[in-house]
């Protein structure tokens, strides 16, 4: 069971159903960082982690700005110069959406990775 994939599919389905907020489980550190990046870029509103007795769940406010999102499997290794190839593959247009990748400096968007000259492993996309 992949917590990140489950979270992103739940977000996408509830955005399509025009829900105001969503409860998603299970939680993970990676999924929390992905939510922080999505919040920073304006794709989701406030979110919190709630302990419901069975485990922890996310309560996420939806802003209806997500057209599509998903986890990238397998997590391809990517060098700094190869990021544009994956932008064309996963995003519909240039400067539209973000790709998140895990690097030695933590979880970054593809723009931040290009500015810092870093590569890493592809994690997820959202637009």
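The values are calculated or read from the model by the stated rules, or taken from the named source; none is laboratory data. Predicted model only: the values in this text are computed from it and were never measured. A quick note on method: Cβ atoms are made from the backbone with ideal geometry, for glycine too, and the neighbour counts reach across all protein chains shown.
A few comments on the model shown:
- For region 94-103, the criterion of being touching a strand residue (DSSP E or B) at 6+ places or on another chain (Cβ under 8 Å) and surrounded by fewer than 15 Cβ atoms within 10 Å (Cβ to Cβ) is met by no residue.
- Selection count, region 48-63, where residues are touching a strand residue (DSSP E or B) at 6+ places or on another chain (Cβ under 6 Å) and either part of a loop (DSSP other than H, G, I, E, B) or within 23 Å of residue 112 (Cα to Cα) (or both): 1
- Pairs where the first residue, in region 93-106, is closer than 17 Å to residue 35 by Cα and in the same structural domain as residue 120 (by TED's automatic domain parsing) and the second is modelled with pLDDT under 95 and surrounded by fewer than 17 Cβ atoms within 10 Å (Cβ to Cβ), C-beta under 6 Å, 6+ apart: none
- Selection from region 9-30 of residues that are over 16 Å from residue 61 (Cβ atoms), within 11 Å of the chain's Cα centre (by Cα) and buried (at least 17 other Cβ atoms within 10 Å of the Cβ): 30
- The set of residues from region 82-125 being part of a strand (DSSP E or B) and over 22 Å from residue 31 (Cβ atoms) comprises 93, 96.
- Any hit, region 64-81, residues being assigned to a helix (DSSP H, G or I), exposed (fewer than 12 other Cβ atoms within 10 Å of the Cβ) and modelled with pLDDT under 95: yes
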